[in-house]
Amino acid sequence: MKLTKPNHPRPDDADTRKAVQPVICYPPETLPAPDLTALKALRATATKSAEITVPPRDAACIDVPAGCFFRIVSTQGAQVGDLNLWNSADLSERFYSGKTRALHGTHLSTGDRMWSSFPTLRPMATITDDTLDWYGFDAFGGSVHDVIGTRCDPYTGALLSGTQYHHCCHSNLTRALAAHLDLPLHAAETHVHDVLNVFMCTGFTRDTGQYFMKASPVRPGDYLEFLAEIDLTVGLSACPGGDCSAEHTSDVAACYPLLIEVYDPGETARAAHQRPAPNAYDRTHGSH
């Protein structure tokens, strides 16, 4: 049952209060900026060294060495993907969607970075190319590649509809990570985290502030490409929502595979790559 919101009288100074100008919480000007021109030149020297196909309604993992590029490609039809990143040497360092959103905004594109969890809080990957960067924001406030929605999961399905659906992105990523690292399912699941929704078109409604999705503008041949800043294990789920135009988690939507390609600029370039240092905070938390 939906509760009725309280209906208090409008104060005399309501317009004045609402007209207060917003302040950006985390101004990004002091963040280290990637040299996209140099990265483009480096990418031109790289050759494909590995690839993996992510089947529809399933997930897959692949390892990407620091200094290499990886590309997520739409191959057969409009399909969104849920992306997780882990430090290959320490799974506790993983992509932090909330802090990435606070630093770069609700949707990511070329030049933005995917930041890691506390206490390291450093760039894990830098977006170097995006064939959907033309989309921007539409008239509904929608855009692509969001860090606002969580991955679809079986627990919410059980809560809302009593279903036992196993091919949502949370479960897909759990199975894929368990298989990739030979972990028990329950151990792998603890490392699955909120995602970058690759190719997904989303936003918030203007009147109610609700999270919405609409048909993805992605088409076969489109891609999102990254530089691995540290040694990464990359996990990607081909969402059971397909292009997310209607069904979010079911076997009804048309779904297609996604492709992850790895491009290596060579041993010399990888050796020259400077991995970002862990965050400089001393972790004393005011206890001295």
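The values are calculated or read from the model by the stated rules, or taken from the named source; none is laboratory data. Computed from a prediction, not measured in an experiment: that's the story for all the values here. For neighbour counting, all protein chains shown are included, and Cβ atoms are generated from backbone atoms with ideal geometry for every residue, glycine included. Just the protein is used for accessible areas: all its heavy atoms, side chains included, with ligands, DNA and RNA removed. Shrake-Rupley method; radii C 1.70, N 1.55, O 1.52, S 1.80 Å.
For the reader, a short list of remarks on this structure follows.
- Pairs with Cβ under 9 Å, 6+ apart, first in the stretch 196-207 and under 13 Å from GLY241 (Cβ atoms), second part of a strand (DSSP E or B) and of a type in the set (Lys, Arg): CYS201/LYS214; THR202/LYS214
- Across the stretch 200-244, the qualifying residues are those that are surrounded by 15 or more Cβ atoms within 10 Å (Cβ to Cβ) and among the polar types (S, T, N, Q), and the one among them that is nearest to the chain's Cα centre (by Cα) is SER237.
- Matching residues in the stretch 249-266 - criterion: being open to solvent by 30 Å² or more (accessible area, probe 1.4 Å) and within 10 Å of THR53 (Cα to Cα): none
- When residues of the stretch 50-77 are limited to those that are open to solvent by 20 Å² or more (accessible area, probe 1.4 Å) and in a loop (DSSP other than H, G, I, E, B), the one nearest to ALA179 (Cα to Cα): ASP58
- Qualifying positions in the stretch 91-102 - of a type outside the set (Lys, Arg), open to solvent by 30 Å² or more (accessible area, probe 1.4 Å) and either more than 21 Å from ALA59 (Cβ to Cβ) or at pLDDT below 95 (or both): ALA102
- Sole residue being among the charged types (D, E, K, R), surrounded by fewer than 18 Cβ atoms within 10 Å (Cβ to Cβ) and either farther than 19 Å from ARG94 by Cα or modelled with pLDDT under 95 (or both), chosen from ARG270, ARG283, ARG275: ARG270
- Complete set of residues in the stretch 114-152 that are in contact (Cβ under 8 Å) with a residue 40 or more places away in the chain, among the aromatic types (Phe, Trp, Tyr) and either open to solvent by less than 10 Å² (accessible area, probe 1.4 Å) or in contact with a Leu (Cβ under 7 Å, 6 or more places away or on another chain) (or both): none
- Qualifying position, being buried (at least 21 other Cβ atoms within 10 Å of the Cβ) and of a type in the set (A, V, I, L, M), among ALA158, ALA176: ALA176
Quick grid of which residues meet (1) under 27 Å from the mean Cα position of the chain (by Cα); (2) among the basic types (Lys, Arg); (3) at pLDDT 95 or above:
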position: ARG10; (1), (2), (3): no, yes, no
position: THR16; (1), (2), (3): no, no, yes
position: VAL20; (1), (2), (3): no, no, yes
position: PRO32; (1), (2), (3): yes, no, no
position: ASP35; (1), (2), (3): yes, no, yes
position: LYS48; (1), (2), (3): yes, yes, yes
position: PRO56; (1), (2), (3): yes, no, yes
position: PRO65; (1), (2), (3): yes, no, yes
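- When we screen THR37, THR47 for residues that are surrounded by fewer than 10 Cβ atoms within 10 Å (Cβ to Cβ), more than 23 Å from ASN84 (Cα to Cα), of a type in the set (Ser, Thr, Tyr) and touching a residue at least 12 places away in the same chain (Cβ under 8 Å), the only hit is THR47.
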